[in-house]
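To keep things clear, I will list the structure first and then write my remarks on it.
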Amino acid sequence: MTADLTQLFEQYYGSLVRMLYRRTGDRDRAEDLAQETFARAVAAPPNNPRPWLFAVALNLVREDGRRNLRQGRRLELLRADAPPAPGPEEDFDRNEASAAVRAALATLNERDREALLLKAEGFNYQEIAATLGLSKGAVGTTLARARRRLVEAYRTEGRGKHVAS
Amino acid sequence: MSHLDEGTLHALLDGELDLAEVREVQKHLGSCVACGSRLQEVKQVLAEADRLVGAMEVPAAGPVRRQAEPPRSPPPFRPTREPEVWDEPPVLLVPDPIDANSRRKRWMRGLRWAAAILIVVTGTKLAGNVLRPSHPVLSERDLTSATPAVPPTVVSPEETRRPESTLATRNKAARPVARSPVQRAEARAAQVVEEPAADTGEPSVGQRLADSVPAAALDSVPEGAQQLAADTYATDSVSQPVGLAAEAARDTTTTEAARDANAEQPSEADLLATRRAAAAALEELDRQRRRERANAATAALPPATRPDVAAPADAAPRPLTLEQRAQIYLRIGLDEAVKHLGGPVHVIEGMTPELIGLTRAQLIPGSSSNRPVVRVVYLDTRGRLILLDQQRMVGDQAPSSPAGSLRWSIGDVMLYLRGEPSPEVLRSLQARVR
């Protein structure tokens, strides 16, 4: 079981942090949540690890966001909605592009956004359905809506000139 | 068939439809232009959405950084960020057997460190005992003989002729000594320290072991060696007779023991030579220091005793000062020279004296040691030294000045003209002495 967990960590940690970073826009927070996810996996080893890990991680993000909202900090929304504010440690151009996409992503509803992020991590429809508690048939529709809204929001942000025509 | 919904088109492009569904969709697309054009549009949206999501890369180094694009050069207005703690690969805090394994390794590492520290502390203590001045080994020697790396005389050459068992016991203690200088030094220190303890040592396993060897030989064996031999065969002596252990110790060859002992202990001649060499080196060092002190004092003297005449500019770079060259122990002024001579100072006409000083009378043949000798120093155009010595004579002290001699008298003052130029040049100068 331990060897399996180590393997899981090596296999999914990077993907999990990336998805969480895209979701939260905060690298430190993404890493914290990823570690918390694996800590929970130690306590209750999952049968189907990949959907389980990502579902737990997304749940943690939601809980974290609600807690922040309750505390009035609203860090997540500020980060998601704010115009690109380059951090001192980040590459300016990449941060700018990334923040614009994140702003467009923030306009999506929770489920669409999570489906999109899971698909970007290589999840198939079955895994996305398992992770988000959807039927497999609804995943295509969810993804179609999420993609279209993301692109439209991005174009609305004035970045449409970058979209390939 | 109705038009294909957008979700189906995305599922088609994502490869999520099974074969039957794919065939059905392809069949419709082949007949429906609207759905065909929508498929093209969905392709673009899908590609764009994937591109946008993929553009959100984790900014900092880490496991996810491996898939990031090559790092660009940092912006010019922002300093390069120093690596932080969070840049290190994340650590999963999982209690599992891997941790137990590493804990075992940490334990072993800790034990190794503890053993190393124990060895160092013990070695330092033993070395401290050896270097203590009251130690009998060193107290009978002077520091000169202790300075070179002369091992204490633990095994005398006579010991190599002692019975085998003694040598074997001794050899067990001395065997690891020859491995390396550090081990040798430690073993040597252990031997030296154990020596005084031999007198008050209690009966031990080592002594019981040594009971099987002649008592005369045992007396000269350090107890440390006995103890070491006892330790070596301690497990055997529990289950086997003591004689067996002694026999096992006897198995080591005598020649090996003698060779080790000889290699370890230098001969008396070597010790003597080493002491002499050390003493000679110390004497040489003393002489060198005295020379350095004398040179320093001499070099400091002229500026301190300089009265009023400035040193010539060209004398500075010379290794010897002009006073040293002219052998003047005290520079004086003209007035003082007049007092010493009881009359005017004689000079060479047309030449400017470099300096006037006093020199020792013994340097002047035939001069009186009771009166100071005034030396007027000149340098000719080629830098050669010319000395005009003058001494006031007492009473009947008659100058013996043969014709052509550079030693003559004017009044009651004896003059002596010497120098580096040839006698002919000096004689020509003699004619100009006033």
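Please list, ordered by chain and number, the residues whose modelled amide H lies under 5 Å from the amide H of B:Val433; skip anything fewer than 5 residues away on the same chain. Distant-sequence amide H within range of B:Val433: B:Glu349.
In Å², nearest 100, what accessible area do chains A and B bury in total when the solvent probe is 1.4 Å? Don't skip to the end; give the middle numbers.
On the way: alone 9350 and 28360 Å², together 33690 Å².
What A and B bury together is about 4000 Å².
Peptides B:323-331, B:12-20 ranked from most to least packed give B:323-331, B:12-20, packing being the mean of other C-beta atoms within 10 angstrom over each peptide's residues. The magnitude of the dipole of the stretch A:109-153, with charges of +1 and -1 set on the Cβ of Lys/Arg and Asp/Glu and taken from the Cα centre, is near 180 debye.
Annotation: amide H of B:Leu330 within the under-5 Å range of B:Leu358, sequence separation 5 or more or interchain, hydrogens built in the peptide plane. List the residues of the stretch B:1-20 for which accessible area in the full set of protein chains is at least 20 Å² lower than for the chain on its own; 1.4 Å probe, protein heavy atoms only. Those are B:Glu6, B:Gly7, B:His10, B:Asp14, B:Glu16, which lose 20 Å² or more relative to the chain on its own.
The values are calculated or read from the model by the stated rules, or taken from the named source; none is laboratory data. The model shown is predicted, which means the values in this text are computed figures rather than measured ones. Glycine gets a Cβ as well: all are built from the backbone with ideal geometry, and neighbour counts include every protein chain shown. Side chains included, ligands, DNA and RNA excluded: accessible areas come from the protein's heavy atoms. Shrake-Rupley method; radii C 1.70, N 1.55, O 1.52, S 1.80 Å.
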